[in-house]
(Lines give C-alpha, C1' and ligand atoms only; values in the text may rest on other atoms or scores of the structure.)
Protein backbone atom coordinates (compact mmCIF):
# COMPACT_ATOMS: atom_id res chain seq x y z
CA UNK A 1 0.00 0.00 0.00
CA UNK A 2 1.40 3.35 -1.06
CA UNK A 3 0.76 6.00 1.62
CA UNK A 4 1.19 8.86 -0.83
CA UNK A 5 -1.42 7.32 -3.10
CA UNK A 6 -3.77 6.94 -0.11
CA UNK A 7 -3.52 10.63 0.62
CA UNK A 8 -4.34 11.48 -2.99
CA UNK A 9 -7.54 9.43 -2.91
CA UNK A 10 -10.67 11.08 -1.49
CA UNK A 11 -12.66 8.30 0.12
CA UNK A 12 -16.28 8.27 1.27
CA UNK A 13 -16.93 5.50 3.77
CA UNK A 14 -20.46 4.14 4.31
CA UNK A 15 -21.11 1.91 7.30
CA UNK A 16 -22.94 1.69 10.59
CA UNK A 17 -22.26 -1.43 12.66
CA UNK A 18 -19.26 -2.96 14.47
CA UNK A 19 -18.03 -4.67 11.30
CA UNK A 20 -17.96 -1.26 9.61
CA UNK A 21 -16.26 0.46 12.53
CA UNK A 22 -13.36 -2.01 12.61
CA UNK A 23 -12.73 -1.47 8.90
CA UNK A 24 -13.05 2.31 9.16
CA UNK A 25 -10.57 2.39 12.07
CA UNK A 26 -8.07 0.42 9.98
CA UNK A 27 -8.41 2.93 7.14
CA UNK A 28 -7.93 5.86 9.49
CA UNK A 29 -4.92 4.21 11.17
CA UNK A 30 -3.40 3.73 7.70
CA UNK A 31 -3.96 7.45 7.01
CA UNK A 32 -6.36 6.84 4.14
CA UNK A 33 -7.94 10.17 3.21
CA UNK A 34 -11.53 9.58 4.35
CA UNK A 35 -13.38 12.84 3.70
CA UNK A 36 -16.94 11.80 4.58
CA UNK A 37 -18.54 9.08 6.69
CA UNK A 38 -22.11 8.16 5.78
CA UNK A 39 -24.03 6.23 8.39
CA UNK A 40 -27.53 5.62 9.70
CA UNK A 41 -29.33 8.02 12.00
CA UNK A 42 -28.74 8.04 15.75
CA UNK A 43 -31.02 5.80 17.83
CA UNK A 44 -32.73 6.85 21.05
CA UNK A 45 -32.15 4.67 24.11
CA UNK A 46 -35.34 4.94 26.18
CA UNK A 47 -33.70 3.44 29.28
CA UNK A 48 -30.68 5.76 29.28
CA UNK A 49 -32.78 8.61 27.86
CA UNK A 50 -30.17 9.67 25.35
CA UNK A 51 -29.28 9.28 21.70
CA UNK A 52 -26.77 6.58 20.78
CA UNK A 53 -24.35 7.31 17.93
CA UNK A 54 -23.39 4.65 15.38
CA UNK A 55 -19.82 3.46 16.06
CA UNK A 56 -18.64 4.82 12.73
CA UNK A 57 -19.93 8.28 13.67
CA UNK A 58 -17.96 8.19 16.92
CA UNK A 59 -14.77 7.35 15.00
CA UNK A 60 -15.41 10.09 12.46
CA UNK A 61 -15.97 12.73 15.13
CA UNK A 62 -12.71 11.78 16.88
CA UNK A 63 -10.88 12.20 13.56
CA UNK A 64 -12.64 15.46 12.64
CA UNK A 65 -14.30 13.88 9.60
CA UNK A 66 -17.67 15.09 8.36
CA UNK A 67 -20.57 12.79 9.20
CA UNK A 68 -23.65 12.50 6.98
CA UNK A 69 -26.76 10.72 8.33
CA UNK A 70 -29.59 10.97 5.82
CA UNK A 71 -32.86 9.22 6.64
CA UNK A 72 -33.06 8.28 2.95
CA UNK A 73 -29.81 8.35 1.01
CA UNK A 74 -31.83 8.02 -2.19
CA UNK A 75 -33.23 11.51 -1.63
CA UNK A 76 -29.99 13.03 -0.32
CA UNK A 77 -27.21 11.44 -2.38
CA UNK A 78 -25.86 14.74 -3.71
CA UNK A 79 -23.81 15.43 -0.58
CA UNK A 80 -21.73 12.35 -1.38
CA UNK A 81 -20.99 13.60 -4.89
CA UNK A 82 -20.30 17.14 -3.69
CA UNK A 83 -17.15 16.04 -1.84
CA UNK A 84 -15.87 14.70 -5.19
CA UNK A 85 -14.66 11.29 -3.98
CA UNK A 86 -12.48 9.00 -6.05
CA UNK A 87 -13.70 5.94 -4.15
CA UNK A 88 -16.76 4.97 -2.11
CA UNK A 89 -16.34 2.06 0.32
CA UNK A 90 -19.35 0.41 1.96
CA UNK A 91 -19.34 -2.16 4.75
CA UNK A 92 -22.52 -3.10 6.66
CA UNK A 93 -24.12 0.22 5.83
CA UNK A 94 -27.67 -1.11 5.87
CA UNK A 95 -29.12 1.03 3.06
CA UNK A 96 -29.17 0.75 -0.73
CA UNK A 97 -26.62 2.97 -2.45
CA UNK A 98 -28.39 4.99 -5.17
CA UNK A 99 -27.61 4.46 -8.85
CA UNK A 100 -26.55 8.09 -9.14
CA UNK A 101 -23.57 7.39 -6.86
CA UNK A 102 -22.70 3.99 -8.34
CA UNK A 103 -22.75 5.46 -11.86
CA UNK A 104 -20.61 8.47 -10.90
CA UNK A 105 -17.91 7.08 -8.60
CA UNK A 106 -15.99 3.84 -8.22
CA UNK A 107 -17.86 2.00 -5.45
CA UNK A 108 -16.78 -1.16 -3.66
CA UNK A 109 -18.32 -3.23 -0.89
CA UNK A 110 -16.73 -5.36 1.83
CA UNK A 111 -18.97 -8.37 2.52
CA UNK A 112 -18.54 -11.01 5.23
CA UNK A 113 -18.97 -14.14 3.12
CA UNK A 114 -17.50 -15.91 0.13
CA UNK A 115 -19.92 -14.62 -2.48
CA UNK A 116 -22.13 -15.65 -4.16
CA UNK A 117 -22.90 -17.55 -0.93
CA UNK A 118 -24.84 -15.64 1.72
CA UNK A 119 -25.79 -12.43 0.03
CA UNK A 120 -27.80 -10.13 2.26
CA UNK A 121 -27.98 -8.81 5.79
CA UNK A 122 -26.85 -11.73 7.98
CA UNK A 123 -24.01 -13.69 6.33
CA UNK A 124 -22.07 -14.24 9.57
CA UNK A 125 -25.11 -15.60 11.39
CA UNK A 126 -25.96 -17.81 8.40
CA UNK A 127 -22.52 -19.42 8.34
CA UNK A 128 -22.82 -20.28 12.04
CA UNK A 129 -26.43 -21.44 11.81
CA UNK A 130 -25.46 -23.83 9.04
CA UNK A 131 -22.46 -25.18 10.93
CA UNK A 132 -19.99 -24.11 8.24
CA UNK A 133 -16.30 -24.73 8.81
CA UNK A 134 -15.08 -22.11 6.34
CA UNK A 135 -16.23 -18.59 5.59
CA UNK A 136 -14.41 -15.50 4.35
CA UNK A 137 -14.55 -11.96 3.05
CA UNK A 138 -15.31 -10.66 -0.42
CA UNK A 139 -14.31 -7.27 -1.80
CA UNK A 140 -16.51 -6.55 -4.79
CA UNK A 141 -17.52 -3.84 -7.18
CA UNK A 142 -20.88 -2.43 -6.25
CA UNK A 143 -23.91 -3.06 -8.45
CA UNK A 144 -27.48 -1.85 -8.11
CA UNK A 145 -28.51 -5.26 -6.79
CA UNK A 146 -27.78 -6.63 -3.34
CA UNK A 147 -24.24 -8.03 -3.12
CA UNK A 148 -24.28 -8.94 -6.81
CA UNK A 149 -21.26 -6.99 -8.10
CA UNK A 150 -18.16 -8.46 -9.71
CA UNK A 151 -15.63 -9.93 -7.27
CA UNK A 152 -12.33 -8.10 -6.87
CA UNK A 153 -10.73 -10.27 -4.20
CA UNK A 154 -11.69 -13.02 -1.75
CA UNK A 155 -9.96 -14.67 1.17
CA UNK A 156 -11.05 -17.65 3.28
CA UNK A 157 -11.25 -17.92 7.07
CA UNK A 158 -11.67 -21.08 9.12
CA UNK A 159 -14.50 -21.12 11.67
CA UNK A 160 -13.48 -22.58 15.02
CA UNK A 161 -15.83 -24.68 17.14
CA UNK A 162 -15.80 -22.03 19.88
CA UNK A 163 -16.54 -19.13 17.53
CA UNK A 164 -19.77 -17.26 17.98
CA UNK A 165 -21.20 -14.22 16.18
CA UNK A 166 -19.12 -11.72 18.14
CA UNK A 167 -15.78 -13.49 17.72
CA UNK A 168 -16.35 -14.36 14.07
CA UNK A 169 -17.48 -10.83 13.21
CA UNK A 170 -14.27 -9.39 14.65
CA UNK A 171 -12.10 -11.92 12.80
CA UNK A 172 -13.86 -11.22 9.50
CA UNK A 173 -13.70 -7.45 9.95
CA UNK A 174 -9.97 -7.63 10.67
CA UNK A 175 -9.49 -9.88 7.65
CA UNK A 176 -11.50 -7.47 5.48
CA UNK A 177 -9.41 -4.55 6.75
CA UNK A 178 -6.17 -6.33 5.91
CA UNK A 179 -7.42 -7.29 2.44
CA UNK A 180 -8.62 -3.78 1.69
CA UNK A 181 -5.34 -2.15 2.68
CA UNK A 182 -3.28 -4.75 0.81
CA UNK A 183 -5.29 -4.27 -2.39
CA UNK A 184 -6.00 -0.56 -2.02
CA UNK A 185 -3.61 0.60 -4.75
CA UNK A 186 -4.79 -2.09 -7.16
CA UNK A 187 -8.42 -1.17 -6.52
CA UNK A 188 -7.95 2.57 -6.98
CA UNK A 189 -5.91 2.05 -10.15
CA UNK A 190 -8.32 -0.61 -11.51
CA UNK A 191 -5.38 -2.98 -11.79
CA UNK A 192 -7.30 -6.22 -11.32
CA UNK A 193 -9.50 -8.60 -13.30
CA UNK A 194 -13.09 -8.62 -11.95
CA UNK A 195 -14.81 -11.99 -11.64
CA UNK A 196 -18.53 -12.29 -12.27
CA UNK A 197 -20.56 -14.12 -9.67
CA UNK A 198 -22.23 -17.35 -10.72
CA UNK A 199 -25.94 -16.69 -10.23
CA UNK A 200 -26.61 -20.43 -10.03
CA UNK A 201 -24.65 -20.58 -6.77
CA UNK A 202 -26.38 -17.65 -5.05
CA UNK A 203 -27.76 -18.14 -1.55
CA UNK A 204 -29.57 -15.37 0.32
CA UNK A 205 -29.79 -14.31 3.95
CA UNK A 206 -32.37 -12.12 5.64
CA UNK A 207 -32.42 -9.54 8.40
CA UNK A 208 -33.00 -11.48 11.62
CA UNK A 209 -36.36 -11.01 13.31
CA UNK A 210 -37.45 -11.57 16.90
CA UNK A 211 -38.89 -14.98 16.06
CA UNK A 212 -35.51 -16.10 14.69
CA UNK A 213 -34.16 -15.99 18.26
CA UNK A 214 -36.54 -18.72 19.47
CA UNK A 215 -34.91 -22.08 20.21
CA UNK A 216 -36.94 -25.01 18.90
CA UNK A 217 -36.00 -28.05 20.97
CA UNK A 218 -37.66 -30.25 18.35
CA UNK A 219 -34.48 -29.64 16.33
CA UNK A 220 -31.32 -31.68 16.72
CA UNK A 221 -28.75 -30.71 19.32
CA UNK A 222 -26.15 -29.51 16.83
CA UNK A 223 -28.54 -27.06 15.16
CA UNK A 224 -29.58 -25.67 18.57
CA UNK A 225 -25.95 -25.07 19.58
CA UNK A 226 -25.31 -23.44 16.19
CA UNK A 227 -28.28 -21.11 16.66
CA UNK A 228 -26.98 -19.96 20.03
CA UNK A 229 -23.52 -19.42 18.53
CA UNK A 230 -25.05 -17.36 15.73
CA UNK A 231 -26.95 -15.13 18.19
CA UNK A 232 -24.29 -14.63 20.87
CA UNK A 233 -22.94 -12.51 22.47
CA UNK A 234 -25.55 -9.84 21.83
CA UNK A 235 -28.98 -11.38 21.19
CA UNK A 236 -28.92 -14.90 22.58
CA UNK A 237 -31.30 -17.74 21.84
CA UNK A 238 -34.71 -17.60 23.52
CA UNK A 239 -36.92 -20.17 25.19
CA UNK A 240 -39.74 -20.03 27.73
CA UNK A 241 -40.75 -22.28 30.61
CA UNK A 242 -43.88 -21.63 32.69
CA UNK A 243 -44.33 -18.33 30.82
CA UNK A 244 -40.92 -17.04 31.95
CA UNK A 245 -38.57 -16.08 29.13
CA UNK A 246 -34.89 -17.05 29.22
CA UNK A 247 -31.98 -16.09 27.01
CA UNK A 248 -29.20 -18.60 26.30
CA UNK A 249 -25.78 -17.22 25.40
CA UNK A 250 -23.74 -20.39 25.61
CA UNK A 251 -24.57 -24.09 25.51
CA UNK A 252 -23.18 -27.43 24.40
CA UNK A 253 -24.36 -30.83 23.25
CA UNK A 254 -25.01 -33.19 26.17
CA UNK A 255 -24.82 -36.99 26.17
CA UNK A 256 -28.04 -37.54 28.17
CA UNK A 257 -30.82 -38.97 26.00
CA UNK A 258 -34.49 -38.44 26.80
CA UNK A 259 -37.43 -39.38 24.62
CA UNK A 260 -39.59 -36.23 24.85
CA UNK A 261 -37.97 -33.11 23.45
CA UNK A 262 -38.12 -29.80 25.32
CA UNK A 263 -38.13 -31.41 28.79
CA UNK A 264 -35.90 -30.34 31.68
CA UNK A 265 -34.03 -33.50 32.64
CA UNK A 266 -31.49 -32.07 35.10
CA UNK A 267 -31.45 -28.84 37.15
CA UNK A 268 -29.05 -29.28 40.08
CA UNK A 269 -25.36 -28.99 39.16
CA UNK A 270 -26.21 -28.40 35.50
CA UNK A 271 -29.24 -27.44 33.45
CA UNK A 272 -30.06 -29.94 30.71
CA UNK A 273 -33.00 -29.80 28.29
CA UNK A 274 -33.79 -32.58 25.82
CA UNK A 275 -33.73 -32.08 22.06
CA UNK A 276 -35.00 -34.41 19.35
CA UNK A 277 -31.57 -36.03 19.06
CA UNK A 278 -30.36 -36.00 22.66
CA UNK A 279 -30.03 -32.97 24.92
CA UNK A 280 -28.50 -29.54 25.42
CA UNK A 281 -26.57 -28.37 28.45
CA UNK A 282 -27.08 -24.65 29.12
CA UNK A 283 -23.86 -22.89 30.20
CA UNK A 284 -24.82 -19.20 30.30
CA UNK A 285 -28.35 -17.90 30.79
CA UNK A 286 -30.41 -14.83 31.58
CA UNK A 287 -33.89 -14.87 33.09
CA UNK A 288 -36.18 -12.11 31.86
CA UNK A 289 -35.41 -8.76 33.56
CA UNK A 290 -32.48 -10.26 35.48
CA UNK A 291 -28.71 -10.45 35.09
CA UNK A 292 -26.90 -12.69 32.67
CA UNK A 293 -25.28 -15.51 34.68
CA UNK A 294 -23.02 -18.51 34.40
CA UNK A 295 -25.16 -21.58 34.90
CA UNK A 296 -23.66 -22.38 38.33
CA UNK A 297 -24.73 -18.98 39.68
CA UNK A 298 -28.14 -19.25 38.03
CA UNK A 299 -28.87 -22.67 39.53
CA UNK A 300 -27.87 -21.51 43.02
CA UNK A 301 -30.84 -19.13 43.04
CA UNK A 302 -33.19 -20.98 40.68
CA UNK A 303 -36.72 -21.57 41.91
CA UNK A 304 -38.59 -21.52 38.61
CA UNK A 305 -37.17 -24.35 36.51
CA UNK A 306 -37.80 -27.89 37.78
CA UNK A 307 -37.02 -31.34 36.45
CA UNK A 308 -39.92 -32.45 34.28
CA UNK A 309 -40.88 -28.91 33.23
CA UNK A 310 -41.45 -28.53 29.51
CA UNK A 311 -40.48 -25.68 27.24
CA UNK A 312 -43.55 -23.63 26.31
CA UNK A 313 -44.90 -23.87 22.81
CA UNK A 314 -43.79 -21.14 20.45
CA UNK A 315 -47.10 -19.32 20.61
CA UNK A 316 -46.88 -18.95 24.40
CA UNK A 317 -43.97 -16.54 24.44
CA UNK A 318 -44.03 -14.89 21.05
CA UNK A 319 -46.84 -12.73 22.44
CA UNK A 320 -45.16 -11.89 25.76
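Counting residues in segment 285-302 that are over 30 Å from residue 180 (Cβ atoms), in contact (Cβ under 8 Å) with a residue 12 or more places away in the chain, touching a helix residue (DSSP H, G or I) at 6+ places or on another chain (Cβ under 8 Å) and outside the structural domain of residue 140 (by TED's automatic domain parsing) gives one or more.
Scanning segment 66-79 for residues being within 10 Å of residue 38 (Cβ to Cβ), under 26 Å from the mean Cα position of the chain (by Cα) and in a helix (DSSP H, G or I) gives a total of 1.
There is at least one residue in segment 154-168 that is surrounded by 15 or more Cβ atoms within 10 Å (Cβ to Cβ), in contact (Cβ under 8 Å) with a residue 40 or more places away in the chain, assigned to a strand (DSSP E or B) and assigned by TED's automatic domain parsing to the domain that holds residue 81.
The values are calculated or read from the model by the stated rules, or taken from the named source; none is laboratory data. The structure presented is a predicted model; accordingly, all values stated were derived computationally and were not measured. Note that each Cβ is placed from the backbone with ideal geometry, even for glycine, and that neighbours are counted across all protein chains shown.
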